[in-house]
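Working notes, beginning with the structure itself.
The values are calculated or read from the model by the stated rules, or taken from the named source; none is laboratory data. The structure presented is a predicted model; accordingly, all values stated were derived computationally and were not measured. Backbone-built Cβ (ideal geometry, glycine too); neighbour counts: all protein chains shown. Just the protein is used for accessible areas: all its heavy atoms, side chains included, with ligands, DNA and RNA removed. Shrake-Rupley method; radii C 1.70, N 1.55, O 1.52, S 1.80 Å.
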Amino acid sequence: MVVGSRVLRAAVFAGLTMTMTRTPSPRPHAGVMDITPYKGGEGDAPGIENVIKMSSNESALGPSPKAIDAFKAAATALHRYPDGEARVLREAIGQRHGLAPAQIICGAGSDELISLLITAYAGPGEEVLYSQHGFLMYRISAMAAGALPVAAPESDLRADVDQLLAHVTSRTRIVFIANPNNPTGSYMTTADLQRLRDGLPDHVILAIDAAYAEFVGAPDYTAGRALVDAHDNVVMLRTFSKIYGLSALRVGWCYAPPAIADALNRVRGPFNVNAAAQVAAVAAIEDADFEAQARAHNDQWLPWLTGELAGLGLPPAPSVGNFVIADFGMAARAQAAFAFLKTRGIFVREVGGYGLPQFLRITVGRADDNAAVIAALKDFVAASPA
Ligand SMILES: *Cc1c(COP(=O)(O)O)cnc(C)c1O
């Protein structure tokens, strides 16, 4: 009967709804669903050949040819597990920087090391502190661990030591400083880093994320190694993704006091850095000439891009990295420029997620890439004056 089956169906439906409310489906722990997922830089334009990707702070020169050779050679032993202790890589890093390999922990990118530090030292009810426009992974990894992310205001797009110290509470476990910072390009001086460290309670870790250290020549800049040596609560994070051009392989490292190194080695996966990444990274860090070329390229083109952008009325904040943020004055204009560049096959990075919607971040590219982005922006500014 039509009516009867309708009633039956309604009853079944009601029963189903009740069942659903009675047995809840799996739910992630507090904080997880509040995470805005990290979005990598775009670089795909179907139909456009010769895309120019200036959206992820990748090296303009790519990796050392020796690193590529090492990577290819690794293909013959893909059935073997990697060395879980990354011994040869840690020794190569130690050799290059004069550090004890036992105090070096390698990770699948420094992103993994950020997450491991938080896993080991911060949990629910505890706080992870960083500065207002600081690298997004500190916030994301803190929330993933159920810890509370806390942002301290900046002044003039620079981390502010007094604000950071004012936001330390009895629940603070780690303070992350990207130095230089992505996306602002600004850096904290050696004196300010020391003052920040000295103002922290001894149980709080100062994590200095020096992903762009190799590009920086400022005399009052330090990547943080001496601070690690002098204190039990300072770590330095480094990566092979930026100047060494190995972003695809995911290799980073942390230099830490012995007790923190011990903790990180307990929480990391047993084979967290793959074999091809290990051998390519060794070749990369041993190729000092190639690294010097990459630095020289940046020394030439960073000031050029900065000057050209300023000349177009899009003044970038002073940067010591391999990228700048150009100021379009208004979020809508930055969005329009982003879309316009895309039509030319040029990808830059929107930084609204960092609270900087009126800016676009542009990575230093090869000579012709840099010329192309400036030529395109010239056309944009002519068509859409401020
Ligand atoms: C790119 C970047 C990283 C991440 O590097 P991976 O080693 O590729 O994970 C870390 N910190 C900052 C500030 C970065 O810009």
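Since only 337, 188, 385 are under comparison, the one whose Cα sits farthest along the positive direction of the charge dipole of the chain, derived from C-beta charges on Lys, Arg, Asp and Glu, is 337. Residues whose amide H falls under 5 Å from that of residue 148, counting only those 5 or more places apart or on a different chain, are 125, 126, 127, 128, with hydrogens built in the peptide plane. If the segment from residue 265 to residue 42 were pulled out straight at 0.36 nm per residue, it would be longer than the present Cα-Cα gap by 76.9 nm.
Here r is the Cβ-Cβ distance between residue 288 and residue 51 and R0 is 30 Å; the resulting FRET efficiency, rounded to 0.05, is 0.45. Pair-distance distribution of the range 225-266: all C-alpha pairs, bin width 10 Å, starting at 0; shares per bin in whole percent are 28, 41, 28, 2.
Applying a length cut-off of 27 Å (Cα extent along the axis) and a mean Kyte-Doolittle floor of 0.0 to the DSSP H helices of the chain leaves 2-22.
With unit charges on the beta carbons (Lys and Arg positive, Asp and Glu negative) and the dipole taken about the Cα centre of the range 65-286, which residue among 68, 161, 264 sits farthest to the positive side? Result: 68, furthest along the dipole toward the positive end.
Per-residue surface analysis assigns residue 79 an accessible area of about 130 Å², computed on protein heavy atoms at 1.4 Å probe radius.
If R0 equals 22 Å, the separation of the Cβ atoms of residue 379 and residue 156 corresponds to a calculated FRET efficiency of about 0.10. According to the square roots a ≥ b ≥ c of the eigenvalues of the Cα gyration tensor, what is the shape class of the range 173-276, taking rounded for a/c under 1.5, prolate for a/b larger than b/c otherwise, and oblate for the remainder? In terms of gyration-tensor shape, oblate. Dipole size of the chain about its Cα centre, with +1 on Lys/Arg Cβ and -1 on Asp/Glu Cβ: approximately 1460 debye, rounded to the nearest 20.
Remark: spin-label model distance residue 248-residue 218 equals 3.4 nm, labels positioned 7 Å along the Cα→Cβ axis.
For the range 188-247, dividing the convex hull volume of the Cα atoms by the residue count gives 77 Å³ per residue.
Restricting the count to DSSP beta bridges whose residues both fall in the range 65-286, what percent are antiparallel, rounded to a multiple of 5?
Here the share of antiparallel DSSP bridges comes out near 35 percent.
Placing +1 on the Cβ of every Lys and Arg and -1 on the Cβ of every Asp and Glu, with nothing else charged, gives the range 65-286 a dipole about its Cα centre of roughly 660 debye.
The length gained by stretching the chain between residue 72 and residue 339 to full extension, at 0.36 nm per residue less their Cα-Cα distance, is 92.4 nm. Counting only DSSP beta bridges whose two residues both lie in the chain, roughly 45 percent are antiparallel. When the Cα convex hull of the chain is projected onto planes of every orientation, the mean area is 26.0 nm². Here is the size of the range 65-286 from its Cα atoms: Rg then Dmax, 17.0, 54 Å. Each of 77, 371, 176 was placed along the dipole of the chain (beta-carbon charges, centred on the mean Cα), and the one lying farthest toward the positive end is 77.
Each Lys and Arg contributes +1 and each Asp and Glu -1, all at the Cβ; summed about the Cα centre of the range 108-195, the dipole is approximately 140 debye.
Only helices enter this figure: runs of n ≥ 4 DSSP H residues, each worth -39500 (n - 2.57), summed and divided by the residues of the chain, yield -13000 deg cm²/dmol at 222 nm to the nearest 500. Distance between the modelled labels on residue 195 and residue 29, one decimal in nanometres: 3.7 nm (7 Å Cα→Cβ projection). Length available on full extension from residue 299 to residue 169: 0.36 nm per residue minus the Cα-Cα distance, which gives 42.8 nm.
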